[in-house]
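Chemist: Got a structure for you, questions after.
A short reminder: the numbers here are calculations on the coordinates, not readings from a lab. Since this is a predicted model, take the numbers as computed values, not measurements. Neighbour counts are summed over all protein chains in view; Cβ atoms, including those assigned to glycine, are modelled from backbone coordinates with ideal geometry.
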Amino acid sequence: GENVEQHPSTLSVQEGDSAVIKCTYSDSASNYFPWYKQELGKRPQLIIDIRSNVGEKKDQRIAVTLNKTAKHFSLHITETQPEDSAVYFCAARPNMEYGNKLVFGAGTILRVKS
Amino acid sequence: GAVVSQHPSRVICKSGTSVKIECRSLDFQATTMFWYRQFPKQSLMLMATSNEGSKATYEQGVEKDKFLINHASLTLSTLTVTSAHPEDSSFYICSAGGGTKQYFGPGTRLTVL
């Protein structure tokens, strides 16, 4: 089945700097890759997603890039702010045989220091 | 995004009792809902896929008789933890799909004494 690896497990950046989180996946048939932000004790919030027919997507300070050949995708946060501090999870949706379920990475704790 | 609610948000129970958790999609119909379990500082572990009008599909290693799932309508799925024990203490989160995207409920913190 699909396996998603996420790096780094923790990331500390200075306010205003950029943060990059990377994920790799194993199933070349995976076609949808969302990113979720989870604050302590709260629900994961969908912040951006990308489909396999697109290489890059941007939404204000957040962008996601996808390299299908290498089977990896990355989250880029520019001009980080203290409120960006949270746990970020990447996910991949395997082929339709698995229905609509997602396989999650282990998560990255992002700390933005002011 | 779509709105998913979950009830209760927190429950404390004695060992051996059963606990029911509700997941509702408030502004859309969800033929499929998902139940996850999350331990502190860990990722989301999919427990089962809840299908409206049919049996749930459980992930490997998840006991279907322990974690009963009922998806009786297009807006409601329930997870019942039967004969709960302290090792069942965890954060349980549901999600519902609106097309491709999945939206999560606020989660239920279960503590079994």
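Chemist: Checking A:Gly1 against (1) within 14 Å of chain B (Cβ to nearest Cβ); (2) touching a residue at least 60 places away in the same chain (Cβ under 8 Å); (3) in a strand (DSSP E or B); (4) not aliphatic (A, V, I, L, M), only one condition comes out false. Which one?
Modeler: Against the list (1) within 14 Å of chain B (Cβ to nearest Cβ); (2) touching a residue at least 60 places away in the same chain (Cβ under 8 Å); (3) in a strand (DSSP E or B); (4) not aliphatic (A, V, I, L, M), A:Gly1 comes up short only on (3).
Chemist: Across the stretch B:1-41, what is the total count of residues that are within 10 Å of chain A (Cβ to nearest Cβ), surrounded by 14 or more Cβ atoms within 10 Å (Cβ to Cβ) and either hydroxyl-bearing (Ser, Thr, Tyr) or farther than 19 Å from B:Tyr103 by Cβ (or both)?
Modeler: Residues meeting the conditions: 3.
Chemist: For the stretch B:36-69, what are the residues that are assigned to a loop (DSSP other than H, G, I, E, B) and of a type in the set (Val, Ile, Thr)?
Modeler: As a first pass, look at the stretch B:36-69 and keep what is assigned to a loop (DSSP other than H, G, I, E, B): B:39-43, B:52-56, B:59-66.
B:Val62 - this is the single residue of the stretch B:36-69 that is assigned to a loop (DSSP other than H, G, I, E, B) and of a type in the set (Val, Ile, Thr).
Chemist: Still on this structure: Looking at the stretch B:43-58, which of its residues are on the phi < 0 side of the Ramachandran plot and either loosely packed, with under 14 Cβ neighbours inside 10 Å or touching a residue at least 60 places away in the same chain (Cβ under 8 Å) (or both)? So that I can check it myself, show each step before the final result.
Modeler: Going residue by residue through the stretch B:43-58, those that are on the phi < 0 side of the Ramachandran plot are B:43-52, B:54-58.
B:Ser54, B:Lys55, listed by residue number.
Chemist: Just the residues that are more than 14 Å from chain A (Cβ to nearest Cβ), in a strand (DSSP E or B), of a type in the set (A, V, I, L, M, F, W, C) and surrounded by 15 or more Cβ atoms within 10 Å (Cβ to Cβ), please, taken from the stretch B:70-113.
Modeler: Of everything in the stretch B:70-113, those that are more than 14 Å from chain A (Cβ to nearest Cβ), in a strand (DSSP E or B), of a type in the set (A, V, I, L, M, F, W, C) and surrounded by 15 or more Cβ atoms within 10 Å (Cβ to Cβ) turn out to be B:Leu76, B:Leu79, B:Val81, B:Val112.
Chemist: Also, quick follow-up: Does A:Leu75 fit the bill of being under 19 Å from A:His7 (Cα atoms) and either over 10 Å from the mean Cα position of the chain (by Cα) or within 14 Å of another protein chain (Cβ to nearest Cβ) (or both)? Outline the logic, then answer.
Modeler: Working: under 19 Å from A:His7 (Cα atoms): yes; either over 10 Å from the mean Cα position of the chain (by Cα) or within 14 Å of another protein chain (Cβ to nearest Cβ) (or both): no.
So A:Leu75 does not fit the description; no.
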